[in-house]
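Quick notes on the structure that follows.
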Amino acid sequence: MQDTQAPIPHPPSYQPDKKRTRWWIPVSIIGGIILIPAIMFAIFAAFIVGIFAGLESGDTEVKPLTTATVLVVDLSGGLPEYVVTAPFSLGDGPKGPTLFETLDAIERAGTDPNIKGIYIRNGGAGMGMAKLTEVRDALLAFKKSKKFIYAFIDNGTKSQYYLATVADSIFMPQEGLLEFNAFGASAPFMKGLFDKVGVSWHVEQFEEYKSAAETMSRENWSQPAKEEVRALIEQRQTMFTNAVATSRNIPASKVTALLSRGLYVPDSLLAHGLIDGFARELEVKERIQKRLDPTTKDEHPKLESISINRYLDASDDPTINAEKTIAIVYASGAISDGVNKNPLDPSGIYSKTLIKQLRAAADDDDIEAIVLRIDSPGGSAYASDEIWAVINEIRKNKPVIASMSDVAASGGYYIAMACDTIVTHPATITGSIGVIMAIPNFAGTASKIGVTVDTVSMGASANFMNPLMPLGDADKAQLRTLGAGIYKRFVSKVAASRKKDFEATRLLARGRVWTGEAALQAGLADVSGGIRTAIAVAKKRIGLTEDVKVDIVSYPKSEDGLQALLSMLNLDNDEESTTEALATAAFRKIRGTEPALESVYNRVPVGLRQQVSYSIMLADVAAQDRVLMALPMIYPME
């Protein structure tokens, strides 16, 4: 059947347009290309932030303290100066609690009627003597409250035992071990390896004690290097020996003799009075709980305990309603130029990043004073000078107090000397006022593998520091002149800061490493003490007495999940992004992969790992800055 329905007429204004285009099609495609990834990213970001929120919140319910609780001091996660949550960290990096949190918790516990005692269960391995001693001193102060301290060690190091000596009772399982050996230091020297592959090193050091490159250019330590290393380990052994002798009521001469024998099993430790008994950890906890509740009928009572982080959340903060605020700006790690472009690894001092934090504290009207907490072996000379200049600018308006941690040497001392007052712990490693230039040359390597080099140049300087051509006498002289100028300016700034003449300061410099105790005696520091002492000095500078409570704000500030994600994707600043590096690091963390070489490396003794890591760090900084202000080596307590 044929459809006879008449067509609908067009409106009178309608005019056919034969040239009409479908412009909306390409616009839609382009819009889709732009919007769909943006929408997908928004969904992904929301998902990640949700994960962060879940990870950060976890079981956030803070349970009220019972009237008989034990504070657990567990340093197995390290004793970092600060912890900043980074995206995709998934448990990597410093865990905390931080040094300041640990000291704060122990101090609060001393006056808290709900805390009856402290249980030291772990930690200390590979840590520096200064931080460990600060914690130990805080525990000794806690004991004045007449509350108990118990300690448990299974397989321990000297660091762990040093901390445990404050305890009323120390327990170990009979199958445990304790590395009770004399103090010493060792470092791998790689000249033989470099000779085999044809690499030679030209080293300019100012002066004889500035021995950072000896591990690359020599087969052993020079006499000046041995002299400064011996002074440091002698101090540490003396501190350890005196602590054990006093706490365990053993003659110091006997402790020294026992250290010479080395590794100990619990039977010998008990016989020599170094521990109080054999017990597994569960048995120690049950013993403590029965002391807290002698009336318990439970044969295996559960210990009422709380971790440091939980305790800080559950206890009253004595700084609430404080009228004054002091900032602690943390400067930890090797000193490099620029910004930290990898939020997955927040360690290290990056000059522009630290300067930004210092200026933020300086510009905050609520902050009355700044404590610069330094834990650094140095690094880039140029970056150190950048930081030095900004500190000098800031201190014109606000007091800046330097607080030296385990290490504040070379570049670390350079930035400290810009502050109004330098507070150093007796066990701090500091000084190393000097400059070093270590230039590798691969001409021998090229020759060994049959590579020749030809050049076309417009002058004698065209091939200066060409790594494939041997350094000439003129090149060496030029390097010497460059390093000498930097060293002279370093010494001059120290002299001006410490109000000494140049020659007297140079005699204290020469690259020599000093203990904090010796540096104080030599006039390179002003006050002996730790982070708490530095805060007390800052209080005095702003007209407060030591007992007045102040609010403490820290830089770098911790980030929430969203801010951490923005930092990772570099959306919160205008610096160059390192997306590929971030993605690779995040992928490895998520997969949990560990290359075989890394697996082997992680099983090397902690002291040697630290030395290797430090050498790699120096090489990394040297790739950007040929002139270094760096510590010769690191000196772990072990």
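Give the relative contact order (percent, whole number) for the range 341-455; include only Cα pairs under 8 Å separated by 6+ residues.
Values: 154 pairs, mean separation 25.9, N = 115.
Averaging sequence separation for qualifying contacts and normalising by length gives 22 percent for the range 341-455.
Local charge sum around ALA151 (other residues, Cβ-Cβ under 13 Å, Lys/Arg +1, Asp/Glu -1)?
Result for the neighbourhood of ALA151: +1.
What nm distance separates the two modelled labels at SER492 and ALA257, each placed 7 Å from Cα along Cα→Cβ?
5.8
Within the range 158-192, name every residue whose backbone N is under 20 Å away from a label modeled 7 Å from Cα of SER76 along the Cβ vector.
Once the point is set 7 Å along Cα→Cβ of SER76, 158-165, 167, 170-179 turn out to lie under 20 Å by backbone N, inside the range 158-192.
Hey, what did the range 375-526 get for relative contact order, percent, Cα under 8 Å, at least 6 apart?
Relative contact order here is 28 percent.
When ranked by the protection proxy of mean other Cβ atoms within 10 Å per residue, highest first, what sequence do the peptides 166-174, 216-224, 355-363, 424-432 form? Please report the intermediate quantities before stating the final value.
Details: 166-174: 20.7, 216-224: 15.1, 355-363: 17.8, 424-432: 28.9.
Packing proxy ranking, top to bottom: 424-432, 166-174, 355-363, 216-224.
What is the distance in Å between the Cα centres of the range 362-392 and the range 128-154?
After rounding, the separation between the Cα centres reads 31 Å.
Determine, for MET629, MET190, the number of other Cβ atoms within 10 Å of each Cβ, and report the residues in order from fewest to most.
Numbers: MET629 34, MET190 16.
Exposure proxy ranking, most exposed first: MET190, MET629.
So if we plug the beta-carbon distance of ALA504 and SER268 into 1/(1 + (r/R0)^6) with R0 = 41 Å, what FRET efficiency do we get, rounded to 0.05? List each step's numbers first, then the result.
Details: r = 50 Å, r/R0 = 1.23.
Computed FRET efficiency for ALA504 and SER268 comes out at 0.20.
Could you please rank ILE415, ILE288, placing first whichever residue has the fewest other Cβ atoms within 10 Å of its Cβ?
Details: ILE415 29, ILE288 22.
Ordered from fewest to most neighbouring Cβ atoms within 10 Å, ILE415, ILE288 come out as ILE288, ILE415.
With an 8 Å Cα cut-off and a minimum separation of 6 or more residues, compute the relative contact order for the range 280-365 in percent. Kindly include the intermediate steps, with their values, before the conclusion.
On the way: 49 pairs, mean separation 15.1, N = 86.
Answer for the range 280-365 is 18 percent.
By how many nm would the segment from LYS356 to ASN466 grow when fully extended, if each residue of separation counts as 0.36 nm and the alpha-carbon distance is taken off?
On the way: separation 110, 0.36 × 110 = 39.60 nm, distance 3.59 nm.
Full extension from LYS356 to ASN466 adds 36.0 nm.
Using the count of nearby Cβ atoms within 10 Å as a rough guide to exposure, how do GLU323, GLU208, GLU214 rank from fewest to most?
On the way: GLU323 10, GLU208 15, GLU214 24.
The order, fewest Cβ neighbours first, is GLU323, GLU208, GLU214.
Computed from the coordinates by the stated procedures, all read-outs in this text should not be read as laboratory data. Small disclaimer: the values here were computed from a predicted structure and weren't measured. In this analysis, Cβ positions are derived from the backbone assuming ideal geometry, glycine residues included, and neighbour counts consider all displayed protein chains.
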